[in-house]
Amino acid sequence: MAEKNTYKYFQPARAAKLGKLSLLARQCVEGFITGLHKSPNKGISAEFAEHREYAPGDDTRHLDWNVWGRSDRYYIKQYEQQTNLRACIALDCSESMAYGDGGRLSKYEYGCFLAGVLAYLMTHQQDAVSLAKLGSDLQDLSPASSTPAHVDRMLRELERTVPRGCGNLPVALHTLADRLQRRGMVVVISDFYSPLDEIVNALQHMLHKRHQVIIFHVLDPSEIFLPFDGQVSVTDMETAARIEIDARAVRDEYNRQVATFLASLTRECHQRRIEYVRAVTDVQYDRLLLKYLAARRGLK
Amino acid sequence: MTFLSPWLLLGLAAVAVPVLLHMFWKSRAKAYAFATLMFLHSAVVRTARRRKIQNWLLMLLRCGLIAMLTLAAAEPISRAGGFWGGKQRNAIVVLDDSFSMTAKAGDMSAFENARAGVLELTARGDAPSQIAVLLTAGPTPSGFARLTSKIADIRQMVSSAAISYAHASPDASLAGAAELAAQTPAEVFIFSDFQKNSFNLQKMLHNSSLDFFKKNSPVYLIRSRKDSPSNLAITNLSVQGPNVRGASVNLMVTASNYSQADETVSVELVLPDTPPLRKMLDLPADTSQVVAMPVELSQNGEIAGQVRMKTDDAIRCDDARFFAFTPRPVVRVAVICDDENTDDPSAAGRVLSLALDWRTDAEKTTTPWPINVVQIKPSDLNATTLKTVDAVFLCGVGGMSPAISKNLVDFARSGGVVMFFAGPAFDAGVYSSTLDGRLLPGGLAAPVGSIGPDAPAWKVNSIDSADRLLGGLYQSADDFPQMNVQRFVPVKPSKDTKVLMSLENSFPLLMRKDVGHGEVFWCTTAATPKWSNLPATGVFLPVVLRAALWQATGGDVPMCYVPGDFVPLTGEGGWRFLPQISYTKKVTGKTAANGVVVDCRTAPGLVEYSAGNFNGVFALSPDPAESDAECYDEDELLKKFHAADFANVYIGDDLGQVLAGASRERRGYNWRSLLACLAILTLLVELAVSNRINVKQKAAVAEGS
């Protein structure tokens, strides 16, 4: 990988800590080369799958001569095919992702770091990665590739991108679901500020396309607990709408609503076997990923 | 409910501040950019109603907070049970107007302080609705010694109240207060210097009539003066000597030093048209001394003047003491004897006459002497003769008719002095049969003993030196044997006869018997040296002079009165008090039969009066009991009241202090602390309601699952 280059959203030293961990698909994915992931097709592999009665045209190299010797019948040995993964990292690039409080990384920056490390991990295990930028709709979808040059391009693209505009995550996800032809893994990195039912529909669409979906719900801590005090005028970063509130009076209700939204999103994801990871920006992204990947592998 | 600092209630106006702020104040909102308003919008809509209620609640809480802090600062006092809780509040004021209150206490006198205290009591916001005022020395003006709601009249009376020169009687005032309080529940305020001399607390407080009062009436002791003043005073004045024109007497002046330092004072006797007579007197601290000031009673009419001392002490009115008295005319003595036909110079009549009046005929016009003697034959003694004399000396008269005897009895009963001497002609049988029993000293016998150089003599072996006739004549009992009696009349004295001098054979030598207003003296030996050496001894002369001047020296000479006393006046008809000589005072008083009761507020001085054609002078001086102005200190006073089981006694140097102390301690609960606690609680509620205190714990942010 282009070690001589430096990236804004990728720190090789931190990524190296995660180098021994792999991000394996939990379901069959359709790859284009042999890899670590289970493919829906049977093919040449070291791992035996089942016997099938010989049919004319079958390659005689796969006849199981031991079975013929015992039963005088011709059976073909079939093996699990393993393939590489096509993963799509979908990053929310709406302006709300530019929010960051208290000198912490903005949500977009945090998401870029996550995306960079994930791309590195996947290409490191020969998986193909593509990058989807989500805004009011799908803004851009790069082709999947596992080459370092591709990752380099991805990282440069992230650096160039400035979160801007009003986002519509459900629409963008629907479009992305339609655009991804082969089933694979979709990693959505967003703050998910959309109506919950619409988000769930969009995710359902992804699942319908038989993608494995992983969600990184990026939040600034001050979004979970209202940070303001006293009488404040708050402007929406995406819509520029403004509201004047007595922060002390609405804080409890706000906190309650956020907690309800988070709990609901978490529950909906679990019900749909969508992996949900809450990424609060006051936790270092590499520690978050390390913990996540370790948990995913059943390690403590 | 009362407030200790009611003026702080002005702070309640600040309650309007939160209302105005809630109505008109708009805070300047800080602007922030935020990721989304999705949840904020919803939160604002959902909390709209609650915030509206919350705003009103906050306004009320803030108003309440200010109100509670203001009330707490003003210290509200709720009255305790009983009549404290009632709307009616009565006060009985005991105002000490004795002249010890004239002592300075700061810029004002103690009396002025006390008067200001009473006026303050009537002017307070929580002033009693009914007040009675009792004065400790002067009589309380009618209508004020009972509870009255005419506060303005009370104020006027107190404002015009003057010092009394009579002795204070606080026990009577306290008893009066107890009586009033028993009828109508009331608080008692005593404004006084609490002078020890006046306040006999041991007697005053342990009076059973105060029992109800002790348990039910709060007593406030307001000390008008903190310290005992240094005072010097002339506390007594008396005449020593016969109050008879022509006599020399001593004015015995008692000067007292009621301070803690030794003093040397100049005591002056001031008489009209006479240079002052001065004497320097050393007065150690807290002592009294008597100094004699000689006065010649040579002039006619009243002797009036003053004795004063020059001091710069706390109480000035007792630095002078006035006196006025009228010397009696010269005492006329009749010596009844048969000496006219003899040239014997030792004849009893001559000896006696010479002892009574030593002057020659020429000297009688130039030299004053209080006794004028005439010799009368026994046969000339009759009722007419007795009317012209004050004393009769019978020298060895043999006997008398029953009529003369009766005249002598009447003479003695009306104040005359009769003195019998035995003698050669003395016949016990005749005396016993003809003389009225009221004149006889007892059973008489014929004279015994023989006369001559070798004849036996009896000595005097007992003398009643405490009797007025003999007092002060003997230094010791060794003086007695110098008298030798060879012949005497044995007497068995009756019960009403007082033996003044006895012989060693137990027979009386000298006797005295009260008859009406007069006196009868008996000497059982003769007034001549032939029967005894008595006329030659030092006793004889003073004894006969004292007997002659008996009525002039007997009893107290009424020379000075205390305001409030009844002054008997000589003369008849209505009294008219005149503008007086330079040191006399105008007097007001209530005329009474044969005298006047002088108002106790009349300033000390000489009072000249006239009644018809008769003019007279009497003197008024302040009651000396007030001069010792040592007062109780606070602890001592409080201990005495507590020891006497007074349940609610509060003491202090001014009314406000006493009432404040009482309010805190007894009059009711001070709600300040509770209000302060409520204010703190309200503040916490306000903080919670305004969400300044985040009472909810932040929920942990779960990561994912």
Pick from the range A:269-278 the residues that are more than 8 Å from chain B (Cβ to nearest Cβ) and assigned to a helix (DSSP H, G or I): which of them is least open to solvent (accessible area, probe 1.4 Å)? A:Cys269
Whether any residue in the range B:529-540 is under 38 Å from the mean Cα position of the chain (by Cα) and among the hydrophobic types (A, V, I, L, M, F, W, C) is what I want to check. no
I want to confirm something. Restricting to the range A:210-221 and keeping residues that are open to solvent by less than 10 Å² (accessible area, probe 1.4 Å) and either at pLDDT 90 or above or within 7 Å of chain B (Cβ to nearest Cβ) (or both), which single residue is nearest to A:Asp282 (Cα to Cα)? A:Asp220
I need every pair where a residue in the range B:361-380 that is farther than 17 Å from B:Asn243 by Cα has its Cβ under 8 Å from the Cβ of a residue that is open to solvent by less than 70 Å² (accessible area, probe 1.4 Å) and part of a helix (DSSP H, G or I), sequence separation at least 6 or different chains. B:Val373/B:Ser353; B:Val373/B:Leu356; B:Gln375/B:Asp339; B:Gln375/B:Gly349; B:Gln375/B:Ser353; B:Ile376/B:Thr385
When the range B:299-345 is examined, which residues are found to be small (Gly, Ala, Ser) and at pLDDT 80 or above? B:Ala304, B:Gly305, B:Ala314, B:Ala320, B:Ala324, B:Ala334
Does A:Arg287 satisfy the condition of being open to solvent by 60 Å² or more (accessible area, probe 1.4 Å), in the same structural domain as A:Pro195 (by TED's automatic domain parsing), modelled with pLDDT of 90 or more and part of a helix (DSSP H, G or I)? no
Being open to solvent by 40 Å² or more (accessible area, probe 1.4 Å) and modelled with pLDDT of 85 or more is the filter here; which residues of the range B:120-142 pass it? B:Glu120, B:Ala123, B:Ser129, B:Gln130
Does A:His205 satisfy the condition of being under 24 Å from the mean Cα position of the chain (by Cα), at pLDDT 90 or above and away from every other protein chain (no Cβ under 11 Å)? yes
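Okay, residues lined up against (1) part of a helix (DSSP H, G or I); (2) open to solvent by less than 10 Å² (accessible area, probe 1.4 Å); (3) within 13 Å of A:Ala279 (Cα to Cα); (4) touching a residue at least 12 places away in the same chain (Cβ under 8 Å):
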site	(1), (2), (3), (4)
A:Met97	yes, yes, yes, yes
A:Tyr108	yes, yes, yes, yes
A:Gly111	yes, yes, yes, yes
A:Leu114	yes, yes, yes, yes
A:Ala119	yes, yes, no, yes
A:Gln126	no, no, no, yes
A:Val129	no, yes, no, yes
Is at least one residue of the range B:428-447 touching a Pro at 6+ places or on another chain (Cβ under 6 Å), closer than 27 Å to B:Thr385 by Cβ, touching a residue at least 40 places away in the same chain (Cβ under 8 Å) and of a type outside the set (Lys, Arg)? yes
Output the residues belonging to the range B:12-44 that are assigned to a helix (DSSP H, G or I) and either open to solvent by less than 30 Å² (accessible area, probe 1.4 Å) or within 14 Å of chain A (Cβ to nearest Cβ) (or both). B:Pro18, B:Leu21, B:His22, B:Met38, B:Phe39, B:Leu40, B:His41, B:Ser42, B:Ala43, B:Val44
Sort out which residues of the range B:239-268 are open to solvent by less than 10 Å² (accessible area, probe 1.4 Å) and in a strand (DSSP E or B), and write them in order of number. B:Val244, B:Val249, B:Leu251, B:Val253, B:Ala255, B:Ser256, B:Asn257, B:Val265, B:Val267, B:Glu268
Of all residues in the range B:448-475, count the ones that are free of Cβ contacts under 8 Å to residues at least 24 places away in the same chain and of a type in the set (Gly, Ala, Ser). 4
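Okay, residues lined up against (1) within 22 Å of A:Lys8 (Cα to Cα); (2) open to solvent by 60 Å² or more (accessible area, probe 1.4 Å):
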residue	(1), (2)
A:Leu138	no, no
A:Ala144	yes, no
A:Glu157	yes, no
A:Arg182	no, yes
Being assigned to a loop (DSSP other than H, G, I, E, B) and within 30 Å of B:Ala175 (Cβ to Cβ): is that true of B:Lys226 here? yes
In the range B:404-418, anything open to solvent by less than 20 Å² (accessible area, probe 1.4 Å) and either in a loop (DSSP other than H, G, I, E, B) or among the polar types (S, T, N, Q) (or both) is listed as B:Ser405, B:Gly415, B:Gly416
Can you say whether B:Leu4 is more than 14 Å from every other protein chain (Cβ to nearest Cβ) and modelled with pLDDT of 90 or more, as far as the supplied structure shows? no
Would you confirm whether or not the range B:55-63 contains a residue that is more than 30 Å from B:Glu75 (Cβ to Cβ), at the interface with another protein chain (Cβ under 8 Å from one of its Cβ atoms) and not hydroxyl-bearing (Ser, Thr, Tyr)? no
Could you identify the single residue in A:Thr235, A:Thr266, A:Thr239, A:Thr281 that is at the interface with another protein chain (Cβ under 8 Å from one of its Cβ atoms), in contact with a Gly (Cβ under 8 Å, 6 or more places away or on another chain) and polar (S, T, N, Q)? A:Thr266
Of the listed residues (B:Ala162, B:Ala182), the one being surrounded by fewer than 19 Cβ atoms within 10 Å (Cβ to Cβ) and outside any loop (DSSP other than H, G, I, E, B) is B:Ala182
Does B:Val499 satisfy being of a type in the set (Val, Ile, Thr), surrounded by fewer than 22 Cβ atoms within 10 Å (Cβ to Cβ) and within 30 Å of B:Asp454 (Cβ to Cβ)? yes
Qualifying residues in the range A:242-256 (those that are in contact (Cβ under 8 Å) with a residue 24 or more places away in the chain and facing chain B (nearest Cβ under 7 Å)) - the one surrounded by the most Cβ atoms within 10 Å (Cβ to Cβ): A:Val250
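The values are calculated or read from the model by the stated rules, or taken from the named source; none is laboratory data. Keep in mind that what you see is a predicted model, and the values were worked out from it rather than measured. Every residue, glycine as well, gets a Cβ built from its backbone with ideal geometry; the counts of neighbours run over all protein chains shown. Quick note on the areas: whole protein, heavy atoms, side chains included, nothing else; ligands and nucleic acids left out. Shrake-Rupley method; radii C 1.70, N 1.55, O 1.52, S 1.80 Å.
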